[in-house]
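Enquirer: First the structure, which I've put down as structure tokens, then a few questions once you've had a look.
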Amino acid sequence: LTLSLIAICSGLWITSTCARTITVSSGASRSVIQSAINSANSGDTVLLEGSYYSLTSPLTFKSGIAFKGQGMANTKIRALNNDVTFELNKLDGVTFSDLKLVGIDLVFTGDSAHTQCLNNKVLNCHFKNSKSERFITYNYCKGGRVKYSLFERTSSSYLGKVIKLFRSHDIVIRNNEMKGQLETAINIGGGLDTASEASKTVNRSYNIDIYHNIITRTGGSREDHGIYAIAFKDLLIYNNTISGWSPTGAGGAVKARNGEDIRIKKNAFKDSGVLLYVYNSKHPKYLKDVVIQGNTMTISGSNSAVKARGVSYWSDFDGAEEKDFFIEYNVINNGCIKLDFNKIDVPAVNGAVRNNQCPIINLKSGITTQEIPTEAGTVPRFRTFYTESAYDKDIT
């Protein structure tokens, strides 16, 4: 049989709710896989046996189903032209897991009020060599998860990004590996500035957690930063390892511009560091509530250019709001800290640049530089902006 059903029911009566597993036999055609999806109801799992499956056109999905393989090394789906997109428009609760997807990308799209495209997940999957600009896109989504997955672009023919978020909320990207010919690994974008505080939150990419990822760029004709965030609010970048981007304005392990509330903590950045910018654009004309703390950066080469050679800040106009920068306890090898503030309201800054192991260049007066003493044999005291121990556990 091509399809088989296993029903797991809750309750004692025949009318009770059943969560079914619909099994697709090895090597089934696209039409058979699509039939299995069409027959699934919310709560059901479509299970592809360990085998090779080929596609020349996309599959369509339903809310609430799990599309699952028998391990990324065993269940492989390939787009024969390396260019198939699964469009998941206004669907909720779809999970992709335990699959290898070659030449395939996923696009989740919701609505501007964030009431659709909720809680869609990608778990334990291997994405390889899509011709699309990115492997996973969340547009206007809420509650997405990307975990325990491998993403790779193995040649210049597949140069591109890994994950793009646009005006999405409550997204977690953790415990993944991203490698190869990468332009950008994670791109985070928001909408234009507004007067209303409520609208500002809706328009931003908001409450984004990126942690425990290993990101390695091995080459490519273009680069546009490891993690690139624009018009964000509440962004955590914690305990990642990022390498391969050049210590230039085009590179940088992280670039954050025109946003607020970013915490870059306990990461290992190799080759380049952190770029902080405010551009005179239609995005919010500020960068504020910035915490860069406890990172180790090892900068490559001997280029005397300061950009991305540690932590740098720059704006292209005089009206930027620059506020609440805490840069503390970082170790920067072969680099420095250089903050070119254009205009600074010293009483409102309430920030500090201290307890770093690197040179500091052009630091304007009024910013606290007094070091916090640390007793011998103790761990340096970190300013607490969130429950840090939660991010070291296997949480959802």
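Enquirer: Run down Ala268, Ala231 and say which single residue is out of contact with any Phe, Trp or Tyr (no Cβ under 8 Å at 6 or more places or on another chain), among the hydrophobic types (A, V, I, L, M, F, W, C), within 14 Å of Gln293 (Cα to Cα) and touching a residue at least 12 places away in the same chain (Cβ under 8 Å). Explain how you work it out, then say what you get.
Expert: Numbers: Ala231 fails: within 14 Å of Gln293 (Cα to Cα).
When all the criteria are applied, what remains is Ala268.
Enquirer: Right, something else. Are any residues in the range 108-124 closer than 18 Å to Thr85 by Cβ, open to solvent by less than 30 Å² (accessible area, probe 1.4 Å) and in contact with a Cys (Cβ under 9 Å, 6 or more places away or on another chain), and if so, which ones?
Expert: Phe108, Gly110, Cys117, Asn120
Enquirer: Looking only at the range 214-240, how many residues end up being open to solvent by 20 Å² or more (accessible area, probe 1.4 Å) and not acidic (Asp, Glu)? Don't jump to the end; show me each part of the working.
Expert: Step one: filter the range 214-240 for residues open to solvent by 20 Å² or more (accessible area, probe 1.4 Å), giving 214, 216-218, 220-224, 228, 230, 233-234, 239.
Pick out the ones that are also not acidic (Asp, Glu) and you get 214, 216-218, 220-222, 228, 230, 233, 239.
So the count comes out to 11.
Enquirer: Could you check Ala73 against (1) assigned to a loop (DSSP other than H, G, I, E, B); (2) open to solvent by less than 10 Å² (accessible area, probe 1.4 Å); (3) modelled with pLDDT of 95 or more; (4) farther than 18 Å from Ser42 by Cα and say which number it fails?
Expert: (2)
Enquirer: Okay, next question. Mind counting the residues in the range 76-107 that are open to solvent by 60 Å² or more (accessible area, probe 1.4 Å), in a loop (DSSP other than H, G, I, E, B) and not polar (S, T, N, Q)? Spell out how you get there, then give the answer.
Expert: Here is the first cut: in the range 76-107, the ones open to solvent by 60 Å² or more (accessible area, probe 1.4 Å) are 76, 78, 80-81, 83, 87, 89-90.
Next, only the ones that are in a loop (DSSP other than H, G, I, E, B) stay: 80-81, 83, 90.
Then drop every residue that is not not polar (S, T, N, Q), which leaves 80, 83, 90.
Qualifying residue count for the region: 3.
Enquirer: Which ones in the range 241-258 are within 29 Å of Gly319 (Cβ to Cβ), assigned to a loop (DSSP other than H, G, I, E, B) and open to solvent by 20 Å² or more (accessible area, probe 1.4 Å)?
Expert: First pass over the range 241-258, keeping only residues within 29 Å of Gly319 (Cβ to Cβ): 247-258.
With the extra rule that they be assigned to a loop (DSSP other than H, G, I, E, B), the set shrinks to 247-253, 258.
Once the filter is applied, which keeps residues that are within 29 Å of Gly319 (Cβ to Cβ), assigned to a loop (DSSP other than H, G, I, E, B) and open to solvent by 20 Å² or more (accessible area, probe 1.4 Å), the range 241-258 yields Thr248, Gly249, Ala250.
Enquirer: I've got another one for you. Taking Val290 as the residue in question, decide whether it is out of contact with any Phe, Trp or Tyr (no Cβ under 8 Å at 6 or more places or on another chain) and either of a type in the set (Phe, Trp, Tyr) or at negative phi (or both). It would help to see each step written out before you state the result.
Expert: Values: out of contact with any Phe, Trp or Tyr (no Cβ under 8 Å at 6 or more places or on another chain): no; either of a type in the set (Phe, Trp, Tyr) or at negative phi (or both): yes.
For Val290, the condition - out of contact with any Phe, Trp or Tyr (no Cβ under 8 Å at 6 or more places or on another chain) and either of a type in the set (Phe, Trp, Tyr) or at negative phi (or both) - is not met.
Enquirer: Here is a further query. Counting only residues that are open to solvent by 40 Å² or more (accessible area, probe 1.4 Å), part of a strand (DSSP E or B) and among the hydroxyl-bearing types (Ser, Thr, Tyr), how many does the range 259-313 have?
Expert: Summing the residues that are open to solvent by 40 Å² or more (accessible area, probe 1.4 Å), part of a strand (DSSP E or B) and among the hydroxyl-bearing types (Ser, Thr, Tyr) in the range 259-313 gives 2.
The values are calculated or read from the model by the stated rules, or taken from the named source; none is laboratory data. Keep in mind that what you see is a predicted model, and the values were worked out from it rather than measured. Counting neighbours? That spans all protein chains shown, and the Cβs are built from the backbone with ideal geometry, glycine included. Side chains are part of the model used for accessible areas, which takes the heavy atoms of the whole protein and leaves out ligands, DNA and RNA. Shrake-Rupley method; radii C 1.70, N 1.55, O 1.52, S 1.80 Å.
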